[in-house]
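Enquirer: Got a structure for you, questions after.
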6 protein chains.
Amino acid sequence: MYHYVKKLMYAVKVGSPDLRFGNMLLEQFGGANGELAAAMQYSVQGLNCDDPKRKDLLMDIGTEELSHLEIVGTLARMHLKDMKRTRDIAEVDPLIAIAGGGGVALCNSLGAAWTADYLKITGEPDVDLRSNIAAEARAKIVYERLIGFCEDPGSKDALQFLMTREIAHMKAFTAALESMGKDRFSIGKIPPTPGRESEYSPDPDVSEKE
Amino acid sequence: MYHYVKKLMYAVKVGSPDLRFGNMLLEQFGGANGELAAAMQYSVQGLNCDDPKRKDLLMDIGTEELSHLEIVGTLARMHLKDMKRTRDIAEVDPLIAIAGGGGVALCNSLGAAWTADYLKITGEPDVDLRSNIAAEARAKIVYERLIGFCEDPGSKDALQFLMTREIAHMKAFTAALESMGKDRFSIGKIPPTPGRESEYSPDPDVSEKE
Amino acid sequence: MYHYVKKLMYAVKVGSPDLRFGNMLLEQFGGANGELAAAMQYSVQGLNCDDPKRKDLLMDIGTEELSHLEIVGTLARMHLKDMKRTRDIAEVDPLIAIAGGGGVALCNSLGAAWTADYLKITGEPDVDLRSNIAAEARAKIVYERLIGFCEDPGSKDALQFLMTREIAHMKAFTAALESMGKDRFSIGKIPPTPGRESEYSPDPDVSEKE
Amino acid sequence: MYHYVKKLMYAVKVGSPDLRFGNMLLEQFGGANGELAAAMQYSVQGLNCDDPKRKDLLMDIGTEELSHLEIVGTLARMHLKDMKRTRDIAEVDPLIAIAGGGGVALCNSLGAAWTADYLKITGEPDVDLRSNIAAEARAKIVYERLIGFCEDPGSKDALQFLMTREIAHMKAFTAALESMGKDRFSIGKIPPTPGRESEYSPDPDVSEKE
Amino acid sequence: MYHYVKKLMYAVKVGSPDLRFGNMLLEQFGGANGELAAAMQYSVQGLNCDDPKRKDLLMDIGTEELSHLEIVGTLARMHLKDMKRTRDIAEVDPLIAIAGGGGVALCNSLGAAWTADYLKITGEPDVDLRSNIAAEARAKIVYERLIGFCEDPGSKDALQFLMTREIAHMKAFTAALESMGKDRFSIGKIPPTPGRESEYSPDPDVSEKE
Amino acid sequence: MYHYVKKLMYAVKVGSPDLRFGNMLLEQFGGANGELAAAMQYSVQGLNCDDPKRKDLLMDIGTEELSHLEIVGTLARMHLKDMKRTRDIAEVDPLIAIAGGGGVALCNSLGAAWTADYLKITGEPDVDLRSNIAAEARAKIVYERLIGFCEDPGSKDALQFLMTREIAHMKAFTAALESMGKDRFSIGKIPPTPGRESEYSPDPDVSEKE
């Protein structure tokens, strides 16, 4: 069960709104590696998880990502809200201006609607943790790029906070994976065919036959 | 900011798992009128809302829908988790069995991935409330149909709770709309062309010219 | 059965083509709340409707929306057709210029292809009418915003006509809903759990248990 | 402008409803090569067409496909409407049963929502006609397969009518293409590099260099 | 089985990178009529083909299209790679800049992700060949438009090569269709209703009854 | 550049076709973690890669996955080709039967069309390798589940080969990542805020302030 607290997890301040940057920020709101993707991937994995400790971890981080979604959305909204005011501003992102009245939508920086096709959920605990570690690495690099294009100190500050938390999550997922004590190339139960799993060759089968 | 409480908003009990019913339940998990759609529609509208009271309402109900998402997902998981066990069971829903290992995914009852294209968010407060009232009516009827197809008393009990809450939300959104004091056919600021907005005719323009 | 009459329902005149506005107009051609969405929502509801009078209303308004689709498409085409001429013009919308040769496509203002995921069709007559009333309110506000960004008097005139008709439809759907004589919070047949449907609380269940 | 006539273009009769066949029929309602795809492809091409005669052809056939959409939808509805009645019936297609209340939706036989990504519209008149000729061939073969799986004489009769019309359209589009007097391998204005356009080789460039 | 040769099928040279043109090029990389669509349509048709000669043709041309995909992607990458460098450059395409770090992605010129909904595969050999002939015509016209907007001689040269190959494929598919010896209006096995398949009338059925 | 060799990388034999299993196999053909997803993710990363050695690895494994796609597609085709024969067989998967004539399509086991939204491509070499390691782990577990539901020895044999290769790729990507010599929590260039990246707390910011 979720409780909503009327307060952002990290207070955001925007000096002067920057429409095009607001648009870029949507990548972390409704984009492929954004906060909703993270929140949903971990929370649905959590729902499917039978181990209480791992379930807690997944639900806790999933919930934190929801709080991040709120931060990113609030920040983007501050940059975009004038979108509906004048024609030249509306041209920057007609979808936000005309369909959204200057409000944010669950889409990426080019207006593609968020889809659950972004998620990686297999129901195999260690495999899901590996997917999450990779997901955090992707989110970190996207925040880094956003910081690189950001000219507003207040926004940069919030992005630095969010970026840092992705590393914290990456560490937590890695610790959880290691606590399972599985060999790093041991996935599932059926062993690969001995010998074949180590060779590197673009045509493994053909090469040995010809 | 969201807090996660390790407890379902409504405790669910499942007598005997029913795979096909678990599959049907996904309609309210990742379907077009399901709980994620409701949670995201209200929460994103809330992010875009400047009026503090309406914002609170949207965030609160959005959060409750997230808690409902957890209930529906938990319930569906209980019905579906044997999916990975045997071949004949896997045939009921190969996507859940093979891709998900018996876990739930953010899709509808036929496996279509959830998409933000389901959401109706315009950034116009009264219009958004109207969309929400209609959304709650749709969710209510979907729960009613699920109850009609459900043979497990514990599941029925949870669905009755969820269905009832949709009516509670419908009332809350209606009260919020009425508190704005707008005429029910007055949308936005530009008035319709006098006279023309009342006539009913499939070819309004042609009819008067010919 | 449909007949096509070689004449627009409302004659459109464009003074000087405005590429970026043409692009914005696509929101009402192939966008989430645009004319195709309206035409398809009402027509498919009509196909599913057993009551002859409501079926007629749905098919008639659905057909009028098809005629509106033709108006909006023609208008957008007039604004966009030079798109293929020069490089700088093509940059405004490369999809229309390169894939479409300056012609319109069934997409929104940012190039997202139209999808039936936009539609709200439940097969429950009063619920469908509620969805339609909300849909008309959304379409009205989108037209209003387009008028606000439009600098061409001829285009504005056509948009005013289209916007007015949305209110006419909103009234017609409201009258149809009222003629059904249902209480406004009575949806379907299964009553909500008494008491619970009125309380407003983010954690209805927990609050009373703790 | 479209007029709606309260009469199907071809009267449909269904002896005994066949749920699974109704489901198959959706392929021609909201599927990739179905009637909506045909109607939209030709109508939008028509909107973009500057030649009056070809425009008329495209709008006329586009309109006929809309009338076909109504026939297919009505037929599918007759087969599917009991879907909401009992649990075992609902299992055939939970999406139609639960989300649609036994009514048809704009999706294919496996529940995928219709998308404008199915359409082929380039704004180049002869290229569009070629796409239409191929589209009619695809629609013909889909109807033929549906007839092969159909056990109801009344439904078969309607499908034979619809299938026949696809050939009529194929002939009309072919005649229109021929009337343009273009060489069949002459597309657009820029000629291919002489010599190279005839050779057949999987690695055309490499082969001559090595 | 595929072998990869470390060499482009056609060497590409780019004088001065042109970000907006790189963006336009994506239309032929991950767009509706682009090289991936061609490669996948022919290769999957080939997998389904029982006739050895036609299967070879489909697999060979499908493979050539994969090599074209590599050319187009390499070309687009050369134009786009500075995207991540400065803010004003990133504004041209925030998705490529922020999510892709200046690298290409399988999307069209407006960022829509490639989808198999673009493909036309029926499993009926002659119908598939007709779809392929039309697909090549579309690809040819898109290359022609790209050449028209291209200011870099090296890029133009590569596009001319690619465009020419589409005509070569069009000829090969046409020859394959003709070798089947089928009448051009004979599709499948069930004949259309005699007489009706030739008449041209928007309301064929009604017209003769009234 | 790609060469096509008329021979499968691994010969497949099917004892008795199993329609429902053929359907399940589509998960690895056009599903979210299937062979096309792997082939495209690695190949597009390869196109974007500036380091020659890593580029070779990505292109080689990407090409091997294309050869695997051909194996899986051929296997699925063997299981599915009778789909078009009789009505009861067609009911198993109407999309394959009616739209595809018994041929495979680029969709998953529930008919959802393949989409590039499945891909994880960031243009950051080490991040991409992490995504690939996780992708191989997911593919391995999906093959394992397919083997568990497979009753045909010949099919099982091919799946064991394919599953083994995923581990081989996982090892190759891991070696490539390690050869870069980066700390496992060091992503990109901007360091996380010291201290904060290690703490584990669902509300990191709030907790220290309150």
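What follows is calculated from the coordinates using simple rules that are stated; it is not laboratory data. If you're wondering where the values come from, they're calculated on a predicted model, not measured in any experiment. FYI the Cβ positions are ideal-geometry reconstructions off the backbone, even for glycines, and counts take in every protein chain you see.
Enquirer: Could you check which residue among A:31, A:181, A:102 shows the biggest mean-square fluctuation in a GNM of chain A with a 10 Å Cα cutoff?
Expert: A:181
Enquirer: Continuing with this model, one more query. For peptide B:43-51, how many partner chain Cβ atoms fall within 10 Å of a residue's Cβ, on average?
Expert: Mean partner shielding for this stretch: 5.
Enquirer: Same structure, new question: Please go through the stretch F:85-168 and write out the GluC sites (Glu not before Pro) that DSSP classes as loop and that have at most 11 other C-beta atoms within 10 Å.
Expert: Counting only loop positions with at most 11 other Cβ atoms within 10 Å, the GluC sites (Glu not before Pro) in the stretch F:85-168 are F:151.
Enquirer: Please check chain C for the longest run free of trypsin sites (Lys or Arg not before Pro) that are loop-located per DSSP (anything but H, G, I, E, B) and have at most 15 other Cβ atoms within 10 Å.
Expert: Longest run free of exposed loop sites: C:86-181.
Enquirer: List the distances, in nm and shortest first, from the label point of residue B:16 to the matching label points in every other copy, placing each point 7 Å from Cα along the Cα-to-Cβ direction.
Expert: Distances between equivalent label points, in nm: 3.0, 3.0, 7.1, 7.7, 7.7.
Enquirer: Could you give the size of the charge dipole of chain B about its Cα centre, using +1 on the Cβ of each K and R and -1 on the Cβ of each D and E, expressed in debye and rounded to the nearest 20?
Expert: 840 debye
Enquirer: Per-residue mean of other chain beta-carbon atoms within 10 angstrom of the beta-carbon, peptide B:63-75?
Expert: 4
Enquirer: Quick one: what does P(r) look like for the protein assembly as shown with 20 Å bins over all Cα pairs, in whole %?
Expert: 12, 45, 38, 6, 0
Enquirer: Based on the alpha-carbon set only, what is the convex hull volume of chain C divided per residue, in Å³?
Expert: 160 Å³
Enquirer: Related question: Which residue, chosen from B:52, B:96, B:149, occupies the Cα position most advanced towards the positive end of the dipole of the stretch B:1-158, where the dipole is computed from +1 (Lys, Arg) and -1 (Asp, Glu) charges on Cβ about the Cα centre?
Expert: B:96
Enquirer: To two decimal places, what compactness ratio does the stretch E:88-210 give when its Cα radius of gyration is scaled by 2.2 N^0.38 Å?
Expert: 1.58
Enquirer: Divide by every residue of chain E the summed helix terms, -39500 (n - 2.57) for each DSSP H run of at least 4, and state the resulting mean residue ellipticity at 222 nm, rounded to the nearest 500 deg cm²/dmol.
Expert: The helix contribution divided over chain E gives -18500 deg cm²/dmol.
Enquirer: Here is a follow-up. Would you look at the GNM of chain E, springs on alpha carbons closer than 10 Å, and say which of E:142, E:104, E:92 moves the most?
Expert: With Cα springs under 10 Å in chain E, the top fluctuation among E:142, E:104, E:92 is at E:92.
Enquirer: Put a point 7 Å out from Cα along the line to Cβ at residue C:184; what are the distances to that point in the other copies, in nm, shortest first?
Expert: 0.6, 6.0, 6.3, 6.3, 6.6
Enquirer: Run the quick spin-label model on residue A:86 and residue D:87: label points 7 Å from Cα toward the beta carbon, then report their separation in nm to one decimal.
Expert: In this crude spin-label approximation the distance works out to 6.5 nm.
Enquirer: Okay, moving on. Counting Lys and Arg as +1 and Asp and Glu as -1, what is the net charge of the other residues whose Cβ lies under 14 Å from the Cβ of residue E:104?
Expert: Local net charge: -3.
Enquirer: Next question. Cα-Cα over 28 Å: which of C:6/D:13; C:13/D:53; F:13/F:120?
Expert: In this structure, C:6/D:13; F:13/F:120 lie more than 28 Å apart at Cα.
Enquirer: Which residue, C:188, C:101, C:34, tops the fluctuation ranking in a GNM of chain C built on C-alpha contacts under 10 Å?
Expert: In the Gaussian network model the winner is C:188.
Enquirer: Within 10 Å of each Cβ in D:28-38, how many Cβ atoms from other chains are there, averaged over the peptide?
Expert: 3
Enquirer: Could you compute how fast the stretch B:3-74 diffuses translationally, taking Rh as the Kirkwood radius over C-alpha pairs and applying Stokes-Einstein at 25 °C with viscosity 0.890 mPa s? Give it in µm² per second.
Expert: For these conditions, the coefficient is 184 µm²/s.
Enquirer: For the stretch E:1-105, build the charge dipole from Cβ charges (+1 Lys, Arg; -1 Asp, Glu) around the Cα centre, then report which of E:25, E:39, E:79 sits farthest towards its positive end.
Expert: Positive-end residue among those listed: E:79.
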